[in-house]
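The values are calculated or read from the model by the stated rules, or taken from the named source; none is laboratory data. Just so it is clear, the model here is predicted, and its values are computed rather than measured. Note: ideal-geometry Cβ built from the backbone for every residue, glycine included; neighbour counts use all protein chains shown.
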Amino acid sequence: MSHKITIKDVAREAGVSVATVSYVINNRTDMRISDATRKKVLQIINMLGYTPNQSAKALATNRNHMVALYLTPHVSALKRAEQMYLIDFLSSFLHEKDYDLIYLSNTYTEKYDNADAIVGYDISSEYFHQIGDCNFSPLLALDCLINDPLFFEVCSDYARMAKAADEFFHGEPFTFVTLSSPNAEKRAYTSEIFTDVRYVENLSELSGLLDRNVLLVDHTLYELLAPTGKVCYLPAISREKLDALFSCINRALLREVYEQHTIRI
């Protein structure tokens with residue numbers, strides 16, 4: 001749009017009063033606003049790129065320097081180990097950028113204002129949108145496919161990985177072995193790319209893979225299977241990917257118009 005988005009624009013598109021939009025933005029709990037109305041207002045705010053102070057530069061300098069993280073709860077021990085590896089990697093990365101990382105459990109999905117941005121790591125699209133419906137802060141997807149142009153998503157480039165593994169194994173067949181994911185879109189995408197995919201949840205499932213050529217992207221599985229000597233490891237969690245994520249966070253905070261919202265690393 002050629003003009004600055006105002007609270008009146010949001011109210012008009014959402015079909016509510018300006019006061020209602022203000023109540024939603026300020027998370028007023030003393031006003032009776034239905035969940036459906038609140039979600040619609042937040043979605044319109046995200047769609048139009050409205051910021052309350054109407055100044056992206058002011059917004060950028062008014063940051064709390066904190067990123068919130070959501071993970072999938074109730075996972076296997078192997079998946080939990082990978083999540084802890086991600087937390088450690090991401091926390092160290094953000095520390096270099098003078099940012100702090102806070103982990104929010106699945107019991108806390110209401111509006112959270114203390115973080116500049118919220119990241120959902122390998123979660124279902126349903127859970128992702130549940131978080132997005134309740135928050136005004138930019139929400140980004142990391143290693144999960146959302147297929148929604150309102151949100152940035154930074155994911156592994158599995159097509160590139162498949163080509164690299166084929167070269168590594170000199171054209172010999174290989175199995176893509178990865179930890180189970182709750183993201184249905186991600187599972188469907190990998191199944192399209194790889195001929196042989198094996199999802200793993202526990203240690204007992206690894207015994208049948210010791211004599212195979214395997215492509216790994218999870219650090220936890222790499223540490224367990226590396227001694228077999230038939231491993232191509234292309235880490236899903238990398239500095240390059242987090243650099244792309246941080247760039248997307250800044251773009252989202254500045255409300256920049258950016259056509260490419262899906263980043264493959």
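Name the residue, out of D143, D98, that is on the phi > 0 side of the Ramachandran plot and in contact with a Phe, Trp or Tyr (Cβ under 7 Å, 6 or more places away or on another chain). None of the others qualify; the one that does is D143. A single member of L206, L221 is in contact (Cβ under 8 Å) with a residue 40 or more places away in the chain and either out of contact with any Lys or Arg (no Cβ under 8 Å at 6 or more places or on another chain) or over 24 Å from T72 (Cα atoms) (or both), and it is L221. Given the criteria over 19 Å from D88 (Cα atoms) and not in a helix (DSSP H, G or I), does R251 qualify? So R251 fails the test. Only one of the numbered conditions (1) touching a strand residue (DSSP E or B) at 6+ places or on another chain (Cβ under 6 Å); (2) of a type in the set (S, T, N, Q); (3) crowded, with 18+ Cβ neighbours inside 10 Å is violated by T220, and that is (1). Residues in the stretch 119-139 that are at pLDDT below 95 and either assigned by TED's automatic domain parsing to the domain that holds S180 or of a type outside the set (G, A, S) (or both): E126, Y127, F128, H129, Q130, I131, D133, C134, N135, F136, P138, L139. Taken together, the criteria place L78 among residues that are modelled with pLDDT of 95 or more, within 22 Å of S181 (Cα to Cα) and assigned to a helix (DSSP H, G or I). If you go through the stretch 35-75 and keep only what is at pLDDT below 80, assigned to a loop (DSSP other than H, G, I, E, B), closer than 25 Å to C144 by Cβ and not charged (D, E, K, R), you end up with G49, N64. Could you tell me whether the stretch 189-211 includes any residue that is within 23 Å of the chain's Cα centre (by Cα), outside the structural domain of I146 (by TED's automatic domain parsing) and polar (S, T, N, Q)? For the stretch 189-211, residues within 23 Å of the chain's Cα centre (by Cα), outside the structural domain of I146 (by TED's automatic domain parsing) and polar (S, T, N, Q): present.
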